[in-house]
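Below: one structure, written as structure tokens.
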Amino acid sequence: MSSVGSTPIAEYIYTTATANGKRCQALGGAKNHAIVMPDADLDNVVNSLLGAAFGSSGERCMALSVAVAVGDEIADKMIAALQAAMGKLKFGVHSDKTNDFGPVITAEHKAKVVGHIQSAAEQGAKVLVDGSAAAPAGYENGFFVGATLIDGVTKEMSSYQAEIFGPVLQVLRVQTMAEAMQLINDHEYGNGTCIYTRDGEAARYFADNIQVGMVGINIPLPVPVAYQSFGGWKRSLFGDLFMYGPDGVRFFTRRKTITQRWPSSEVRESAQFSMPTLG
């Protein structure tokens, strides 16, 4: 069987299925990071982060929910540009096509997202743009959370460790690319990630050494095309095969090997008692 859900549910489905001799792939949670290098194209960073973090109200497994800025200078510039751009975002009812995103799925989930925003503030982070009290006119009782930007997040904070699954972008500050990569590699999730840089050597090193299943270079949502396969590493995927693409074919089919030979009637061989090899 194949499933997509939170990591606790994915783990339960996988362990139960395999304990009963069933083939299973179960995709779990995510905490997708973007490393923003000092040489990154800031306009591209800001424009792509807006869509990647807040599109679909952040309720997608490939949502980019963490920006790791390498150096305070690029962090400050990025945050200032994001704040200005976020003020222009529009959210509301789905039938209004001018909206950039809509509500989250339920009242319970809204409360969970708002709880993560509040816990970040309580644990020392700075909520620079707070969407907790979002209430579009005419839909004051809707399940809305506005675009939220949080600076000063650290790896010890519960909101960083969790998959928020809402329109919340967290910013962590580090001094080196190595620190940024270590943050990502240490996280329990390994679904998607990206790096913003103009340095090809840095991009290649990142792609080769990051412990994440789907990697983007200046691409915030590195969703593979359909003839490749989709899936994460670590606790973002239970099972050994990704979804769709070549792995999808392997998962939903069973291999059969057929060996044939059509010897000439004039050729006769003696009995062979050893295992056939390629030698």
Within the range 183-201, of all residues that are in contact with a strand residue (DSSP E or B) (Cβ under 7 Å, 6 or more places away or on another chain) and farther than 14 Å from Pro222 by Cα, the one surrounded by the most Cβ atoms within 10 Å (Cβ to Cβ) is Tyr189
How about the range 115-133: which of its residues are hydrophobic (A, V, I, L, M, F, W, C) and under 16 Å from Val66 (Cβ atoms)?
Ile117, Ala120, Ala125, Val127, Leu128, Val129
Val45 vs. criteria β-branched (Val, Ile, Thr), buried (at least 19 other Cβ atoms within 10 Å of the Cβ) and either touching a His at 6+ places or on another chain (Cβ under 6 Å) or not assigned by TED's automatic domain parsing to the domain that holds Gln211 (or both):
no
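Let's see how each residue does on (1) outside the structural domain of Ala180 (by TED's automatic domain parsing); (2) of a type in the set (Gly, Ala, Ser); (3) farther than 16 Å from Ser56 by Cβ; (4) part of a helix (DSSP H, G or I):
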residue	(1), (2), (3), (4)
Asp76	no, no, yes, yes
Ala84	no, yes, yes, yes
Lys88	no, no, yes, no
His94	no, no, no, no
Lys97	no, no, no, no
Val104	no, no, no, no
Lys110	no, no, no, yes
In the range 5-30, which residues are of a type in the set (S, T, N, Q), over 15 Å from Gly190 (Cβ atoms) and buried (at least 20 other Cβ atoms within 10 Å of the Cβ)?
Gln25
Taking the criterion of being modelled with pLDDT of 95 or more, touching a strand residue (DSSP E or B) at 6+ places or on another chain (Cβ under 6 Å) and outside any helix (DSSP H, G or I), would at least one residue in the range 41-63 satisfy it?
no
Give me the pairs: first residue in the range 116-133 and among the hydroxyl-bearing types (Ser, Thr, Tyr), second residue part of a helix (DSSP H, G or I) and crowded, with 17+ Cβ neighbours inside 10 Å, beta-carbon distance under 6 Å, and six or more apart or on different chains, which are they?
Ser119/Ser159; Ser132/Val114; Ser132/Ile117
Return a yes/no flag: does the range 169-187 have any residue that is out of contact with any His (no Cβ under 7 Å at 6 or more places or on another chain), over 20 Å from Met37 (Cβ atoms) and outside any strand (DSSP E or B).
no
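The values are calculated or read from the model by the stated rules, or taken from the named source; none is laboratory data. Just so we're clear, the structure is a prediction, and the values are computed from it rather than from any experiment. Every residue, glycine among them, receives a Cβ derived from its backbone with ideal geometry; neighbour counts consider all protein chains shown.
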